[in-house]
Structure formats: C-alpha cells, structure tokens
Amino acid sequence: MNEKLWSRVVITYVEPQVNGGRWPIRRSVGQSVSVTVGAIVDGHDMLRAECHLVLMDENSGVFPLTLRYNDEYTGCFTPPSIGCYTYRACAWIDRFGTWQEEFARRVKGGAAEPEILVELRTGADLIAEVAELATGADRSALHKAAKALESGHTEPAFEEELLALYRRHDPKTGAAWSDDRLLVVDRKLATFAAWYEFFPRSSGAIGHGTLDDAAARLGGIRKMGFDVVYLPPVHPIGTTFRKGKDNSPAAEAGEPGSPWAIGSGEGGHKSVSSALGGLEAFNRFIKRANELGLAVALDIAFQCSPDHPYVTDHPEWFRKRADGSIRYAENPPKKYQDVYPFDFTCADFPALWEELKSIFEFWIERGVHIFRVDNPHTKPFAFWKWSLDALYKEHPHLIFLAEAFSRPKIMAHLATLGFNNSYTYFTWRNSKAELESYFEELTKSELAEYFRPNLWPNTPDILHDYLAHGGRAAHLVRFALAATLSSVYGVYGPPYEHVVHRQHPDREEYADNEKYEVRIWNWDDPTSLQPFFRRINRIRKENPALHGNRSLQFLPTTNPQIVAYIKAESENIIICVVNLDPRQIQECTVDLAATALPEGFQLHDLVGGERYFPAGTVHFVRLDPNIMPVRIYRVLSRTVTEADFDYYA
C-alpha cells in the first residue's frame, strides 16, 4: 500500500460544522471561530494539531491547536476579512515530543547506561533529520543539539527550547487531514445593527410623501441610533384589482394600493414610482443616507401586479389556470388578485432566473447592499442557492434578510443557502419560559453557527396581542428585549414609537394598515418613544457585550413574570432584567451566583441611572411598568463613580 494514502493518525471530528460540513458556518469581521478537533493515534504517541484557513485558494493563516483532554484539541482564529473561506484540521505524530517524554520516563525509571546511549542516538537522528529542513541559525542549533545527544549528553533531551525548535521545522510526516469546512465572513453590519422601517409615502407633512420627504427624516432616524433604514417596495403600483383601505378587495378613488403589488405602465422592479419622485429622488435618498452613515435596505418581492410589463412581455413566466388566465396569488380562502406569482419551474426558467437576479444587480449598482426578501420560502431553494452564490461572489459585502415566517427547518435551510439575517418567532415568544427556551435554541445549538436572528417586535403585517393590549409598557418591554437578546433587531418604526396599537378586528395586524393607505405621523411628538430608542441604541453601541449573542445566559429569578439574562465580552458585562407584565408591578430576586462577576461589584442601571451595591450574589429588583419595566445593568467595580460616565450628560 502507498504510505501517502494512509496515516496512523485519525481525525474523528471537526467542530464547528453544519450538517456534517455540507453548509458554511457564519461570522462577521472581527468575530472569532473556536475550533474543536478530535484526533487519535494507535499506541501512546503524542500528537500535534493545527487549523488551516484559506480564502479564495490563498492561505490566510495556520493556527495551532492545543490538547484539552481525551484526544480533543482546541484553538481559535479570527478571519482577517469578509469572504468565503475553507478551514480544515491537520494532525500528526509529534515524534520528538514523544521521544522526549519517553526518554524522561526511562531516565526516571533508572534505565541502564547502554540503553540511555541508544535512545540518545535515536533522538539525535530525529534532530538531524529535521535540521536538513532548516536554514541559518536554526539549522546550526539543530545540528549542534544532534551532535550533543549522539555524544551522550542528556541535557538537550530535556530542553523546551529544543522541542520548540524541532516543532518549528517538523515535516509532519504521516499527517492526517480533515475534509474542508466552509466559513462565510460577513461585514459587521450583518451581526450588529438596528433596523428602522418606514413608508416613504407616509413621510410628508400633508398627503402623499416622496423620497425627498423621506430623506428629510433620515437625520432623526440616525439621531435615534439606527444603522439601517429599510424601505418597503418603492416601485410603481398596479391599478388592476388594486386593494383598498385595510385590504379591501376594491380601492376607492385616490387610494394608493399596496406597494407589494409591483408594476404598472410606468415600469416594474427596476423602476421607482413617480409618486415617490422617481429614480432621481431615490438617488438623492441614497446620497443623504450615505452622508449620515445610514445603510439602506430595500424590499425585494418577486411577484407582479397584473399591470407589470413582465406580464405582457413574458406571460410564459407565470402559472396559468385551466381557462388560460394567469393564476393570481391565493391562500384559500384568502385571495390576492392584485398579485401574480412567478412560475419558477416554467419552460423558460433560465431566462426568468437570470432576470430576477438582475433585479438585485440593478439596485446594487445604485448603492443598495442590503435586501429584505419577501417570502423566500415560497420560491425554490435551488433558485436562492444559485442566485445568492453568484451575487456573493461579486459582492461579498451583501446582506440578505429572509422574511420567512415558516416551519423551523425551512427557516434554517434558507439560512444555510445564504440568507445571513433571518426573521424569527420572537414576536410570539412572550412568556419567560418561551423566551428562555427559544433563545437557548438560537444561541446554544448548531443554529448559532449559521442562523442569525434579526428580532422584530412588530411589522406592517404583525401586531401581536401583547402589544395590542399592553400599551406603552408592552412597547418598552418588547423593544428592550429585541435590542438586547439579539445583536441584530429591527422595528417598524412610526406606529411603534407613537404606541399605535389598535388591532384589526379580524387579523393580527394594525387597523388602518399603512400597507394600504398613506399615514401622516407627528415626527416631533414629545410623548413618543424616540428618547427610549436613543437610550437603548446608545447602550448597545457603547457595550461590546451586546454586539453578539453567544455569551447569552439566563439567570434564575423568583418570579415567572420577570426574565433576567447576562451577556459578556471580556470585562464588559451587561445584565438585563425585564418585567414581562405590562400592567402590574412585579418584584423578585435575581440569582447572580452562576455568573463570573468581579469580587466587590456594583450594578449601574444604564436606563435609569441608579447604582446598586449588592451585598452578595442575590439582587432584589422591583419593576413598575408604569415607570420603567426594564433595567439594563453594567457590572462595575465599586470604585467607579457616576462621574466616569457621560450617559446622562
């Protein structure tokens, strides 16, 4: 047998991995990857292991792994830039390390001198062999050590310096390699961002607004601390079967229709509605956002109104009914006559797929690099794999948010295909038990390696009963939870900050829904939640513990209405305590014993400003929802004073 085809060393597993290495894990720039490798060998030889990281066929680094216990080797590396990497483990017999350890035991066991001399020559041969691979001072030092061992000197046999010198030039004879694992590194905004959604047509002071009106609102949004402005579709809206107020089957004169009924005689997915000011106004909107440091996310919905040019030019791209008419979208008994879905399996599907991919490319060229994709779970997975792979290859900085409120395995699979942000079930997880169970799954299971939760307490389609019936306190609670449980969150802003919570009588969504009508908002309302938004977003930005999710740990409380959790990044430790009851004062003790807190600490509430000095690891909390149902503590040493902070300047 060819010795190059086998090895005494066996790599039994490499973690992290997703589905046996089939799909990539995800990180963003600056985030590390902790690697665990199982490696074994027959007999008692010592092993060494390392991890190799490769970007685009170019070596990006070799990282040593150290033995932890039970043939398990661990290490950590931080990818240097965005892109798609491979990493794999390598393990081999540490021949000189094994010899050195065995020789020490022989000497300690009282081996006779002839045996010692023979073993010293064995060690000398190992050193001489590796010396041929070295150059300069290292080569000379190795030859010197080999001669000393061969001459019967035992001192070099115990030197750590000689072992390190050998290992630096170890040929790794008989090394075993794992299969490649995949790693995708996104830009930081994919893992730490606050999104704000609003309708440009509702940004005017009177009547239908434009993108120029919307641009005038960007400064206020940035002042609240948001990073991403998300726009619903800005395209021309069809008139055939246009929906009216509150999803009425027929629109009255002057009603604008749903932005998701895309396309008219003005154009389709590559056009901007003239009512919003056209493409020129969109360009000005992008320019203003860039000036303020705001990223723009655009909604992409692959569907058409009956008036879309695609319907006339490419009727073969749509499903037909038995009578030859194009089938509109429906979820019986619900009917959406104003929307035609594409037939992704039509005979001309290659042309359709290319055209749909070109929609992304059109908006990328105009400065949009973040996309919220509408209902991706209703389109073929193969299309997303093909199109997202191609788009990332040319534009690795892109961010795609999957709006897929679907079954868990479908949501997870979309994340493996390239959606680096995902909507979640957070909206429907409201009790302490539900929150703890769900976020343990999101942050402690394999999901944490690739499924990046983007938490939204509301959307134009969703107004949960908790918000509808909990009033202002409920809005404070859910916003704080979203912003601190996950490093990425979003809010459908205007109705949320104004605590609009009138629910449609038949649906779990807003009455007078902005999807179907223009709303006028008081952007300067002094009673709004804007100051709370600013405070929470500032706390997020100034505390690295809130920039990730992996450190999340729930803390025991003595009241099921109060949830408590901790996040930490190095010495930055944040503890959040939230009253989930929006109507009643709740109190409890929080057990801090399970956390690694510094000896002699204080808790500084970054929301209210108070400081607490617990006598031990049990902290009493009383939360009045009519005042503030949330505490966000920063853990500090007792010597730190309020003067060291400017939160309240």
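Of note:
- Solvent-accessible area per residue for region 78-170 (1.4 angstrom probe, square angstrom): 51
- The fraction of Cα-Cα pairs per 5 angstrom bin, counted from 0 for region 228-313, comes to 3, 15, 22, 22, 17, 11, 7, 3, 0 percent, rounded to whole percents.
- Separation in nanometres of the label points that stand 7 Å from Cα toward Cβ, at F613 and H44: 5.9
- Extension gain from I627 to D57, taking 0.36 nm per residue of separation minus the Cα-Cα distance: 199.5 nm
- Whole-Å distance, taken between Cα centres, linking region 449-491 and region 591-630: 23
- If only the Cβ of Lys and Arg carry +1 and only the Cβ of Asp and Glu carry -1, the dipole of region 248-406 around its Cα centre is close to 360 debye.
- Full extension of the chain between K444 and H143 yields a length gain of 103.3 nm, computed as 0.36 nm times the residue separation minus the alpha carbon distance.
- Remark: the Cα gyration tensor places region 50-149 in the oblate category, a/c being 1.5 or greater and a/b not exceeding b/c.
- Proportion of all alpha-carbon pairs of region 1-118 beyond 22 Å (%): 47
- Computed per residue of the chain from DSSP H runs no shorter than four, each worth -39500 (n - 2.57), the mean residue ellipticity at 222 nm is -8500 deg cm²/dmol.
- Region 397-444, accessible area per residue, ligands and nucleic acids excluded (1.4 Å, Å²): 33
- Residues E587 and E436, FRET efficiency given R0 of 25 Å [Cβ-Cβ distance, rounded to 0.05]: 0.80
- Packing-based order for 108-120, 221-233, using average beta carbon neighbours within 10 Å, highest first: 221-233, 108-120
- Residues E113 and C84, FRET efficiency given R0 of 45 Å [Cβ-Cβ distance, rounded to 0.05]: 0.15
- Protection proxy ranking, peptides 440-450, 77-87, average beta carbon neighbours within 10 Å, highest first: 77-87, 440-450
- Rounded percent of accessible protein surface that carbon and sulfur make up, the chain, 1.4 Å probe: 51
- Interchain or long-range residues, amide H under 5 Å from Y230's placed H: Y196, E197, F198, A297
- Antiparallel bridge percentage (DSSP; both residues within region 286-443; nearest 5): 40
- Virtual spin-label span in nm between R319 and Y425, 7 Å along Cα→Cβ: 2.7
- Theoretical FRET efficiency, 1/(1+(r/R0)^6), r = Cβ-Cβ of R638 and K409, R0 56 Å, to 0.05: 0.70
- Taking N as its residue count, the alpha carbon Rg of the chain over 2.2 N^0.38 Å: 1.18
- Distance from region 514-547 to region 65-98 (C-alpha centre basis), Å: 44
- Potential lengthening of the chain between D461 and I359 amounts to 34.3 nm, from the contour at 0.36 nm per residue minus the alpha-carbon distance.
- Here each label is just a point 7 Å from Cα along the line to Cβ, and for N331 and F554 those points are 2.8 nm apart.
- Using the 1.4 Å probe convention, the accessible area of region 1-67 works out to 58 Å² per residue with neighbouring protein chains retained.
- Of all DSSP beta bridges confined to the chain, the antiparallel ones make up roughly 75%.
- Cα centroid of region 317-364 to Cα centroid of region 150-199, whole Å: 49
The values are calculated or read from the model by the stated rules, or taken from the named source; none is laboratory data. Computed from a prediction, not measured in an experiment: that's the story for all the values here. Every residue, glycine as well, gets a Cβ built from its backbone with ideal geometry; the counts of neighbours run over all protein chains shown. For accessibility, only protein heavy atoms count, side chains too; no ligands or nucleic acids. Shrake-Rupley method; radii C 1.70, N 1.55, O 1.52, S 1.80 Å.
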